[in-house]
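Novice: Take a look at the following structure, please.
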Amino acid sequence: MVAELPPIATEIEMNQDASNQIKGMNELLYRQRHSAAHIMAEAVLEIFPEAKYAIGPPIENGFYYDFDLPRPLTPDDLNDVDKRMRASIRADKPFVKSESAKAEARAFFAEQPYKLELIDGIPDEKVGICKHGNFTDLCGYPHVESTGKVGAFKLMSVAGAYWRGDEHRPMLQRIYGVMFPTDDELAEYLHNLEEAERRDHRRLGKELELFFVDPIAPGSPFFLPKGTTIYNLAIDFMRGLYKRYGYQEVITPQIFSVDLWKRSGHYDNYREGMYFIQDEDRELGVKPMNCPGHCIMYASQVHSYRELPLRYADFGRLHRFERSGTLHGLTRVRSFSQDDAHIYCRLDQIGGEIQTLVAMMRETYSAFHLGQPRFSLSLRPDKRIGSDETWDMAESALRDALVASGIAFEEIANEGAFYGPKIDLFMDDVLGREWQISTFQLDFNLPERFDLEYAAEDGSLQRPVMIHRAILGSLERFMGILIEHSAGAFPTWLAPVQTTLIPIADRHVEYCEGVAARLRETGLRVEVDARGERMQAKIRDAQLMKVPYMLVAGDRDIEAGAVSVRARGGGDLGPMAVEAVIERLAVEVASKGSPEGAAGEA
């Protein structure tokens with residue numbers, strides 16, 4: 001088989017089993033997408049006979065092919081490629097597979113430097129060749145029988161891509177296409193793409209006055225007052241859980257001597273993701289994670305088995321170096337905070353702690369309206385520390401805890417961290433996109449590296465087990481996911497403005513201000529729209545800002561000591577006494593519910 005590797009790590013890595021290329025892609029779809037990449041290359045070479053062509057693998061949702069072309073591609077070029085592809089599909093040309101000696105292949109691809117490099121990297125004496133019509137490619141992977149057997153497709157875009165992901169190699173032009181078995185499935189995917197654009201948290205962040213990013217601080221978002229409100233409410237929610245579940249919140253330094261990072265192993269294994277500072281005659285590192293600092297805190301005191309489990313929670317700011325090209329709004333940043341915690345416990349306490357974490361997770365996902373997550377249990381990798389006996393105990397503890405919690409889960413071999421097995425939680429948003437949010441990880445490594453101990457019941461000194469735990473994860477990333485999942489229509493308890501008072505005329509402003517004051521006394525977040533706009537314009541603007549409730553007041557409302565209530569999404573609830581409105585909102589906020597009439601509004 002030809003070792004035709006994609007140029008960057010985030011793309012699919014090809015192997016000999018087509019059915020395992022991408023999770024959820026069956027073999028037929030793999031063959032269709034792979035064949036479509038060849039058909040696209042055929043079309044491009046018809047337009048540019050002098051083109052140098054590189055690789056064209058199937059990827060999630062479609063395919064791409066990389067080209068070295070004499071000029072940049074235009075939208076008109078894409079249209080031409082599309083027409084030529086469809087002509088090839090109508091011609092129903094058979095895909096013919098064969099093998100060739102490497103010398104013969106080199107001679108055939110003598111004018112194609114990227115193919116020559118691929119041939120040189122193949123250890124076998126022969127290489128795979130695939131031909132359809134007048135187009136021939138270096139390929140040992142499966143195809144459909146003929147060009148007419150591919151699915152429904154659409155060419156999407158052109159992007160730059162370094163050859164094999166190396167910034168020191170040539171920049172190629174990559175044409176992306178999407179493909180699905182049927183026209184209906186393609187249409188649904190394209191609709192979801194449009195919906196994803198509508199929900200893009202970067203756009204909504206500006207429109208809803210939540211946050212923005214500026215080149216002056218790359219990878220470090222500015223949170224405006226409304227965004228800060230949501231951010232702090234998420235922290236307050238977690239702090240409420242911490243009080244009930246026995247966590248102790250701590251504060252640890254931002255900057256440590258590199259001695260700490262060398263001891264923890266981060267200096268050797270994570271250095272490229274850290275920021276360093278030269279301080280007089282020594283080097284310091286800005287923390288990318290809290291765990292080593294928590295180990296120093298644990299080691300600063302003597303501990304007994306009676307104290308365990310010991311749970312440290314930390315909202316400290318973290319900094320990680322991410323390449324500028326990977327930064328993306330809130331979901332990939334350089335500066336962030338986590339709802340981070342580390343639990344030090346005995347081996348026999350692991351199961352109980354995991355069950356407690358599952359309970360916390362369920363409360364959290366319910367409060368933020370995230371639905372039910374998918375669980376995975378990642379088991380021991382080949383390269384690991386600790387004895388098999390310890391791993392047996394740790395894996396059994398996690399497995400038993402999940403079973404005891406009534407949770408269905410998938411076990412994944414060789415995917416655990418080198419220091420211990422882990423549980424990861426994944427959620428699907430309203431567009432069906434999967435996000436990994438929560439993680440519970442067992443660690444035998446750091447307690448060993450930091451020589452952590454506790455006095456056991458028999459007086460002996462024992463090593464605690466360390467559980468790394470994040471439920472929301474990065475608060476920045478979580479907020480980005482939440483914005484897109486809800487389209488900015490946050491549940492009432494989380495909305496930065498929970499209700500807007502709308503006076504119909506200037507003479508009604510004073511009454512609205514009085515009602516707003518009564519609402520604020522109960523802790524509600526309220527605005528009064530006293531602009532000189534018409535009432536309908538104010539209602540429309542409040543709906544655009546995703547305010548859960550609009551309270552309109554005119555002459556009759558004032559006479560009745562009431563307001564006319566409209567819920568987000570257009571639900572007209574009619575006149576209500578102010579005290580009834582206060583009671584309704586108080587119940588909804590306390591229960592973490594959504595406003596009536598808001599279903600489907602996002």
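The values are calculated or read from the model by the stated rules, or taken from the named source; none is laboratory data. None of the values given here were measured: they were computed from a predicted structure. We place every Cβ from the backbone using ideal geometry, glycine too, and count neighbours over all the protein chains shown.
Novice: Given the criteria outside the structural domain of residue 211 (by TED's automatic domain parsing), in contact (Cβ under 8 Å) with a residue 12 or more places away in the chain and either among the aromatic types (Phe, Trp, Tyr) or over 30 Å from residue 240 (Cβ atoms) (or both), does residue 574 qualify?
Specialist: On the way: outside the structural domain of residue 211 (by TED's automatic domain parsing): yes; in contact (Cβ under 8 Å) with a residue 12 or more places away in the chain: no; either among the aromatic types (Phe, Trp, Tyr) or over 30 Å from residue 240 (Cβ atoms) (or both): yes.
Spelling it out, it is not the case that residue 574 is outside the structural domain of residue 211 (by TED's automatic domain parsing), in contact (Cβ under 8 Å) with a residue 12 or more places away in the chain and either among the aromatic types (Phe, Trp, Tyr) or over 30 Å from residue 240 (Cβ atoms) (or both).
Novice: Is there a residue being closer than 29 Å to residue 320 by Cα, β-branched (Val, Ile, Thr), assigned to a helix (DSSP H, G or I) and modelled with pLDDT of 90 or more anywhere in the stretch 385-403? Reasoning before the result, please.
Specialist: Initially, the stretch 385-403 is screened for residues closer than 29 Å to residue 320 by Cα, giving 385-386.
Then keep just the ones that are β-branched (Val, Ile, Thr); that gives 385.
Still in the running and assigned to a helix (DSSP H, G or I): none.
No, the stretch 385-403 has no match at all.
Novice: In the stretch 213-287, which helices (runs of 4 or more DSSP H) lie fully inside it and hold 2 or more residues that are in contact with a Pro (Cβ under 9 Å, 6 or more places away or on another chain) and buried (at least 17 other Cβ atoms within 10 Å of the Cβ)? Steps first, please.
Specialist: Numbers: elements: 225-245, 258-264, 266-269.
Qualifying helices (runs of 4 or more DSSP H): 225-245, 258-264.
Novice: I need a count of the residues in the stretch 175-193 that are closer than 20 Å to residue 67 by Cα and surrounded by fewer than 20 Cβ atoms within 10 Å (Cβ to Cβ).
Specialist: Qualifying residue count for the region: 1.
Novice: Right, here's the next one. Here are some conditions: (1) under 37 Å from the mean Cα position of the chain (by Cα); (2) within 25 Å of residue 178 (Cβ to Cβ). Residue 121 meets all but one. Which one does it not meet?
Specialist: (2)
Novice: Now a separate question. I want to confirm something. Restricting to the stretch 65-102 and keeping residues that are among the charged types (D, E, K, R) and outside any helix (DSSP H, G or I), which single residue is nearest to residue 131 (Cα to Cα)?
Specialist: 97
Novice: In the stretch 256-290, which residues are without any contact (Cβ under 8 Å) to a residue 40 or more places away in the chain and of a type in the set (Lys, Arg)? Steps first, please.
Specialist: Of the residues in the stretch 256-290, the ones without any contact (Cβ under 8 Å) to a residue 40 or more places away in the chain are 256-262, 266-271, 276-288.
Within the stretch 256-290, 262, 271, 282, 287 meet the criteria.
Novice: Those residues that are hydrophobic (A, V, I, L, M, F, W, C) and farther than 23 Å from residue 50 by Cβ, I need them from the stretch 135-173; list them, please.
Specialist: If the condition is that a residue be hydrophobic (A, V, I, L, M, F, W, C) and farther than 23 Å from residue 50 by Cβ, then 144, 150, 152, 153, 156 are the ones that fit.
Novice: Please enumerate the residues belonging to the stretch 188-206 that are out of contact with any Gly (no Cβ under 8 Å at 6 or more places or on another chain), among the hydrophobic types (A, V, I, L, M, F, W, C) and either without any contact (Cβ under 8 Å) to a residue 24 or more places away in the chain or farther than 18 Å from residue 157 by Cα (or both).
Specialist: Matches in the stretch 188-206: 193 only.
To keep it simple, each residue is scored yes or no on (1) assigned by TED's automatic domain parsing to the domain that holds residue 211; (2) touching a Pro at 6+ places or on another chain (Cβ under 6 Å); (3) closer than 30 Å to residue 194 by Cβ; (4) part of a loop (DSSP other than H, G, I, E, B).
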| site | (1), (2), (3), (4) |
| --- | --- |
| 531 | no, no, no, yes |
| 546 | no, no, yes, yes |
| 559 | no, no, no, no |
| 580 | no, no, no, no |
| 586 | no, no, no, no |
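Novice: Against the condition in contact with a Pro (Cβ under 7 Å, 6 or more places away or on another chain) and exposed (fewer than 14 other Cβ atoms within 10 Å of the Cβ), how does residue 145 come out, does it pass? Show your work before the answer.
Specialist: On the way: in contact with a Pro (Cβ under 7 Å, 6 or more places away or on another chain): yes; exposed (fewer than 14 other Cβ atoms within 10 Å of the Cβ): yes.
Considered against the rule, which asks whether it is in contact with a Pro (Cβ under 7 Å, 6 or more places away or on another chain) and exposed (fewer than 14 other Cβ atoms within 10 Å of the Cβ), residue 145 comes out as yes.
Novice: Kindly evaluate residue 499 against the criterion of being of a type in the set (Ser, Thr, Tyr), over 28 Å from residue 402 (Cβ atoms) and surrounded by 22 or more Cβ atoms within 10 Å (Cβ to Cβ).
Specialist: Against the criterion (of a type in the set (Ser, Thr, Tyr), over 28 Å from residue 402 (Cβ atoms) and surrounded by 22 or more Cβ atoms within 10 Å (Cβ to Cβ)), residue 499 qualifies.
Novice: Right, something else. Which residue out of 550, 576 is outside any helix (DSSP H, G or I) and within 21 Å of residue 495 (Cα to Cα)? Steps first, answer last, please.
Specialist: Numbers: 576 fails: within 21 Å of residue 495 (Cα to Cα).
The match here is 550.
Novice: When you look at residue 184, is it charged (D, E, K, R), touching a residue at least 60 places away in the same chain (Cβ under 8 Å) and within 30 Å of residue 30 (Cβ to Cβ), yes or no?
Specialist: On the way: charged (D, E, K, R): yes; touching a residue at least 60 places away in the same chain (Cβ under 8 Å): no; within 30 Å of residue 30 (Cβ to Cβ): yes.
Against the criterion (charged (D, E, K, R), touching a residue at least 60 places away in the same chain (Cβ under 8 Å) and within 30 Å of residue 30 (Cβ to Cβ)), residue 184 does not qualify.
Novice: Would you tally the residues in the stretch 370-385 being surrounded by fewer than 17 Cβ atoms within 10 Å (Cβ to Cβ) and either on the phi > 0 side of the Ramachandran plot or touching a Ser or Thr at 6+ places or on another chain (Cβ under 9 Å) (or both)?
Specialist: Adding up the residues that qualify gives 1.
Novice: Now for a different question. Assuming residue 492 fulfils every condition listed in (1) hydroxyl-bearing (Ser, Thr, Tyr); (2) in a loop (DSSP other than H, G, I, E, B); (3) more than 25 Å from residue 209 (Cβ to Cβ) apart from one, which condition is it?
Specialist: Residue 492 satisfies every listed condition except (3).
Novice: What's the number of the condition residue 490 fails, among (1) crowded, with 22+ Cβ neighbours inside 10 Å; (2) more than 30 Å from residue 387 (Cα to Cα); (3) touching a strand residue (DSSP E or B) at 6+ places or on another chain (Cβ under 9 Å)?
Specialist: (3)
Novice: Can I ask one more? Tell me which residues, restricted to the stretch 22-53, are farther than 18 Å from residue 174 by Cβ and not polar (S, T, N, Q).
Specialist: Selection gives 23, 24, 25, 27, 28, 29, 30, 31, 46, 49, 50.
Novice: Conditions first: (1) over 25 Å from residue 308 (Cα atoms); (2) assigned to a helix (DSSP H, G or I); (3) not β-branched (Val, Ile, Thr). Residue 382 passes all but one, so which condition is the exception?
Specialist: Status for residue 382: all satisfied but (2).
Novice: Among the residues of the stretch 435-451, which ones are surrounded by fewer than 21 Cβ atoms within 10 Å (Cβ to Cβ), more than 18 Å from residue 380 (Cβ to Cβ) and of a type outside the set (Lys, Arg)?
Specialist: Of the stretch 435-451, the ones surrounded by fewer than 21 Cβ atoms within 10 Å (Cβ to Cβ) are 435-436, 439, 445, 448-451.
Applying the additional criterion that residues be more than 18 Å from residue 380 (Cβ to Cβ) yields 435-436, 449-451.
Listed by number, the residues that qualify are 435, 436, 450, 451.
Novice: Between 47, 59, 39, which is at pLDDT 95 or above and either surrounded by 19 or more Cβ atoms within 10 Å (Cβ to Cβ) or of a type outside the set (A, V, I, L, M) (or both)? Spell out the reasoning first.
Specialist: On the way: 47 fails: either surrounded by 19 or more Cβ atoms within 10 Å (Cβ to Cβ) or of a type outside the set (A, V, I, L, M) (or both); 59 fails: at pLDDT 95 or above.
Of 47, 59, 39, the one residue that is at pLDDT 95 or above and either surrounded by 19 or more Cβ atoms within 10 Å (Cβ to Cβ) or of a type outside the set (A, V, I, L, M) (or both) is 39.
Novice: Here is a follow-up. Answer yes or no as to whether residue 344 is at pLDDT 90 or above, in contact with a His (Cβ under 8 Å, 6 or more places away or on another chain) and not hydrophobic (A, V, I, L, M, F, W, C).
Specialist: Values: at pLDDT 90 or above: yes; in contact with a His (Cβ under 8 Å, 6 or more places away or on another chain): yes; not hydrophobic (A, V, I, L, M, F, W, C): yes.
Spelling it out, residue 344 is indeed at pLDDT 90 or above, in contact with a His (Cβ under 8 Å, 6 or more places away or on another chain) and not hydrophobic (A, V, I, L, M, F, W, C).
Novice: Those residues that are in contact with a helix residue (DSSP H, G or I) (Cβ under 7 Å, 6 or more places away or on another chain), surrounded by 14 or more Cβ atoms within 10 Å (Cβ to Cβ) and among the charged types (D, E, K, R), I need them from the stretch 78-102; list them, please.
Specialist: 80, 84, 93, 102
Novice: List, please: which pairs have Cβ atoms under 7 Å, are six or more places apart or on different chains, and start with a residue in the stretch 80-101 that is within 15 Å of residue 45 (Cβ to Cβ) and end with one that is of a type in the set (Gly, Ala, Ser) and part of a strand (DSSP E or B)?
Specialist: 93/146
Novice: Let me ask another. Name the one entry in 525, 568 that is closer than 21 Å to residue 593 by Cβ and at pLDDT 95 or above. Let's see the steps before the verdict.
Specialist: Details: 568 fails: at pLDDT 95 or above.
Only one candidate passes the filter, namely 525.
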